[in-house]
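Worksheet for the structure shown next.
The values are calculated or read from the model by the stated rules, or taken from the named source; none is laboratory data. Computed from a prediction, not measured in an experiment: that's the story for all the values here. For neighbour counting, all protein chains shown are included, and Cβ atoms are generated from backbone atoms with ideal geometry for every residue, glycine included.
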Amino acid sequence: MPVDLESRPAPGPVAAGPGLAGARRRVADHVFRVAALASGLSVLVVLALIAGSMAQKAWPAFRHSGLDFVTSSRWAPNVEVFGALAFVAGTLLVSVIALVFAVPVSIGIALFLSELAPRRLRRPVIYLIDLLAAIPSVVFGLWGLLVLAPAIVGVYETFGGWMESVPVLGTVFGPPYNGKSLFTAGLILALMITPIITSISREVFDTVPAAQKEAAFALSATRWEMIRGAILPHSRSGVTGAVMLGLGRAMGETIAAALVIGSSPQLTARLFGSGDAMAAVIANQFGEAGGLHRSALIGLGVVLFAMTIVVNAVARSVVRRQPASARGGR
Amino acid sequence: MTAVPPGLSDLSTSNVGRSRRARNRIATLLVYASVLVAAVPLMFVLVYVARKGLAVVNPEFLTSDIPISSRRPGPGMGPAVVGTLLITLAATVMAVPLGILAAVYVTEYGQGSRLAGAIRFLSDVMAGVPSIVMGLFIYTVWVLRFGQSGFAGALALAALMLPIVIRSTESMLRLVPDDLREGSTALGASKSRVILSVVLPAALPGITSGSLLAVARAAGETAPLLFTIGAARAVNLGMFEGPNTALSSQIFANAQLPFAGAQERAWGAALTLIVIVLVLTIVARVISRRFTVR
């Protein structure tokens with residue numbers, strides 16, 4: 001018996017047709033879409049606000065100092081002379097020291113996790129790296145200031161003694177020896193950037209096709225030869241990106257450096273002596289700064305912002321070129 | 001198995017030259033050593049903080065006010081504990097919904113569009129903005145007009161968390177299979193309905209754990225709070241009125257003082273802060289392991 005479906009009245013507003021309910025649904029749909037779009041745009045707005053508002057507040061200092069702001073190394077707030085070169089150099093020195101220690105260690109741990117680790121060691125080591133990433137930087141700074149700095153001066157003196165007669169190194173590692181120094185800051189930062197470099201490198205290593213590794217083994221390569229021949233060439237750009245992300249993090253890291261760097265505004269290559277870095281200067285001087293000095297510190301923030309943006313943008317575009325699963329970060 | 005057929009060379013490790021084997025062994029040793037190099041200082045820090053901290057942390061330390069004079073020995077850190085919890089909570093309330101919605105836009109609406117690509121790239125860039133710059137930013141746009149308060153600190157922490165939440169949510173939404181979206185669309189659900197009742201619930205464990213990691217990161221931050229919350233020695237529950245304080249800023253301030261009492265309070269605050277951050281991290285890990293969508 002044929003049923004006439006057409007003549008039956010629709011039972012309530014279930015149908016998605018052009019009824020009142022349909023209109024309400026379309027409005028809800030539209031509202032949600034707009035809300036999502038607005039949230040997405042908030043990232044653009046915040047970044048634009050950061051650049052705009054800080055540049056505006058820093059403008060008096062930039063106009064006052066001109067190019068000297070980044071080419072002179074004389075920083076004397078009491079006579080309104082603001083040359084930040086020493087801080088830029090300090091930031092780069094500390095970051096390079098941190099990378100020198102953190103990169104080999106991080107790549108080693110990443111290789112351990114992706115190639116060497118026995119199953120029961122894998123998880124504890126992953127937890128270890130997570131733990132390292134979770135510890136607040138101010139805690140590393142506290143430990144660095146009250147425990148590491150007093151203990152490490154002796155090491156600096158001994159090492160400096162060995163290097164005394166070597167031409168360039170004798171200066172770089174020469175006196176004055178200070179527990180609160182560029183080198184101590186670099187060591188602490190190395191601990192702090194190890195997790196980020198490790199986790200991204202590991203994800204990059206994990207994307208190496210198994211066929212390539214097996215091919216290397218089939219050619220009777222040892223494990224090390226397999227790593228050198230198959231894994232490292234395949235991962236070069238990904239690991240470069242990871243290292244640059246670590247560099248960006250080291251340049252912006254503030255609190256630990258502010259506590260252990262020694263705060264002395266001089267252009268120096270003496271790593272075992274005190275120095276200063278941009279983020280640390282801002283943290284240490286902002287509280288008691290006023291007027292033009294405050295404006296100059298915000299200007300320092302603008303320069304730091306620009307430097308980290310460039311480093312991170314380059315790093316991200318390098319990492320993004322890797323296969324999708326190789327993109328890291330937390 | 002072990003016998004090598006005639007005409008083929010023996011490829012087992014026993015036949016590898018001595019120098020190659022030595023090199024392999026050295027490389028293996030170096031890899032193991034690198035794990036130790038990271039583990040040893042970490043253990044030093046943790047054990048030291050635990051030893052120094054356990055000597056001072058007790059219920060009184062966690063609840064009583066900070067002494068009027070930093071020279072004075074004894075507890076406590078109550079206002080800082082309250083401040084850290086309140087400020088982090090306020091930052092979470094602002095950053096997590098905004099970040100999830102932004103990620104929804106990038107993965108569900110903007111697929112392939114230029115704008116979505118730009119938002120993704122810029123949130124990556126924003127994740128690299130130094131935390132001290134976030135503090136300066138909130139100082140220039142908020143503190144100069146409305147003064148220091150807990151809320152100003154929460155704004156700075158929210159700006160720090162936003163890109164982390166976007167990135168982790170985005171990667172979780174990508175793991176949701178398209179079959180689910182297509183199936184519910186075929187049943188007549190509208191796009192917002194598909195997202196709210198199918199996609200987000202499917203990705204919820206991952207989103208929760210990613211957001212908790214962002215919260216943990218924010219709770220430990222000091223730099224964004226330096227110029228935004230001021231300093232207080234008594235509990236301030238008013239997020240918009242007057243200066244506040246937090247564990248991280250107390251550690252930073254007390255570490256630089258030459259008084260034994262202040263340094264003891266710094267160690268106690270450090271232990272408290274590590275415990276808070278670790279609990280958040282562990283809960284996040286447990287959630288993500290228990291509910292992982294594969």
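Determine if segment B:134-142 includes at least one residue that is among the hydroxyl-bearing types (Ser, Thr, Tyr) and more than 7 Å from every other protein chain (Cβ to nearest Cβ). There is at least one residue in segment B:134-142 that is among the hydroxyl-bearing types (Ser, Thr, Tyr) and more than 7 Å from every other protein chain (Cβ to nearest Cβ).
Is one or more of the residues making up segment A:13-28 within 14 Å of chain B (Cβ to nearest Cβ), at pLDDT 85 or above and closer than 30 Å to A:VAL81 by Cα? No, that holds for no residue.
Scan segment B:208-263 for residues that are touching an Asp or Glu at 6+ places or on another chain (Cβ under 8 Å) and of a type outside the set (A, V, I, L, M, F, W, C) and jot them down. Selection gives B:ARG233, B:SER248. For A:VAL155, are the conditions met, namely being aliphatic (A, V, I, L, M), more than 7 Å from chain B (Cβ to nearest Cβ), assigned to a helix (DSSP H, G or I) and free of Cβ contacts under 8 Å to residues at least 24 places away in the same chain? Here the answer is yes, as A:VAL155 does meet what is asked.
Scanning for something of a type in the set (S, T, N, Q) and either more than 30 Å from A:ASP29 (Cα to Cα) or in contact (Cβ under 8 Å) with a residue 24 or more places away in the chain (or both), does segment B:79-86 turn up at least one residue? Checked segment B:79-86: at least one residue is of a type in the set (S, T, N, Q) and either more than 30 Å from A:ASP29 (Cα to Cα) or in contact (Cβ under 8 Å) with a residue 24 or more places away in the chain (or both).
Can you work out which of the residues in segment A:293-318 that are modelled with pLDDT under 90 and more than 14 Å from the chain's Cα centre (by Cα) is nearest to the other protein chains (Cβ to nearest Cβ)? Top of the filtered list is A:SER317.
Return yes or no: is A:ILE193 at pLDDT 90 or above, closer than 19 Å to A:VAL96 by Cβ and either surrounded by 23 or more Cβ atoms within 10 Å (Cβ to Cβ) or of a type in the set (A, V, I, L, M, F, W, C) (or both)? When the stated conditions are applied, A:ILE193 passes them. Checking each residue of segment A:216-228 against the condition of being away from chain B (no Cβ under 11 Å), assigned to a helix (DSSP H, G or I) and touching a helix residue (DSSP H, G or I) at 6+ places or on another chain (Cβ under 6 Å) gives at least one match. Scanning segment A:93-123 for residues that are free of Cβ contacts under 8 Å to residues at least 12 places away in the same chain and facing chain B (nearest Cβ under 8 Å) returns A:PRO104, A:GLY108. For segment A:173-181, the criterion of a residue being away from every other protein chain (no Cβ under 14 Å), at pLDDT below 85 and either surrounded by fewer than 18 Cβ atoms within 10 Å (Cβ to Cβ) or within 17 Å of B:ALA39 (Cβ to Cβ) (or both) is satisfied by at least one position. Please find, among B:GLU221, B:GLU241, the residue that is acidic (Asp, Glu) and over 15 Å from B:THR84 (Cβ atoms). None of the other options fit; the residue is B:GLU241. Does B:ILE282 qualify as being of a type in the set (Val, Ile, Thr) and surrounded by fewer than 24 Cβ atoms within 10 Å (Cβ to Cβ)? Answer is yes for this residue. Can you name the number of the only condition in (1) within 12 Å of chain A (Cβ to nearest Cβ); (2) surrounded by fewer than 18 Cβ atoms within 10 Å (Cβ to Cβ); (3) not in a loop (DSSP other than H, G, I, E, B) that B:ASP179 fails? Of (1) within 12 Å of chain A (Cβ to nearest Cβ); (2) surrounded by fewer than 18 Cβ atoms within 10 Å (Cβ to Cβ); (3) not in a loop (DSSP other than H, G, I, E, B), only one is false for B:ASP179: (1).
A search for C-beta distances below 6 Å between a residue of segment B:101-114 that is more than 7 Å from chain A (Cβ to nearest Cβ) and any residue that is among the basic types (Lys, Arg) and part of a loop (DSSP other than H, G, I, E, B), counting only pairs 6+ apart in sequence or on different chains, returns nothing.
Note on segment A:124-142: residues that are of a type in the set (A, V, I, L, M, F, W, C), at the interface with chain B (Cβ under 8 Å from one of its Cβ atoms) and in contact (Cβ under 8 Å) with a residue 40 or more places away in the chain amount to 5. Scanning segment A:29-44 for residues that are closer than 15 Å to B:LEU115 by Cβ and either out of contact with any helix residue (DSSP H, G or I) (no Cβ under 9 Å at 6 or more places or on another chain) or modelled with pLDDT under 90 (or both) turns up just one, A:VAL34. Among the residues of segment A:74-88, those that are closer than 13 Å to A:LEU300 by Cβ and in contact (Cβ under 8 Å) with a residue 60 or more places away in the chain comprise A:TRP75, A:PRO77, A:PHE82, A:ALA84, A:LEU85, A:ALA86, A:PHE87, A:VAL88. All of A:ALA84, A:ALA76 fail the test of being at pLDDT below 90 and either surrounded by 21 or more Cβ atoms within 10 Å (Cβ to Cβ) or within 28 Å of B:LEU29 (Cα to Cα) (or both), apart from A:ALA84.
Of the residues making up segment A:160-181, just one is charged (D, E, K, R) and either touching a residue at least 24 places away in the same chain (Cβ under 8 Å) or assigned to a helix (DSSP H, G or I) (or both), namely A:LYS180.
Which of the residues spanning segment B:192-226 are surrounded by fewer than 17 Cβ atoms within 10 Å (Cβ to Cβ) and at the interface with another protein chain (Cβ under 9 Å from one of its Cβ atoms)? If the condition is that a residue be surrounded by fewer than 17 Cβ atoms within 10 Å (Cβ to Cβ) and at the interface with another protein chain (Cβ under 9 Å from one of its Cβ atoms), then B:LEU196 is the only one that fits. Can you tell me how many residues within segment A:256-296 are crowded, with 24+ Cβ neighbours inside 10 Å, outside any loop (DSSP other than H, G, I, E, B) and either free of Cβ contacts under 8 Å to residues at least 24 places away in the same chain or in contact with a Pro (Cβ under 8 Å, 6 or more places away or on another chain) (or both)? Qualifying residue count, segment A:256-296: 3.
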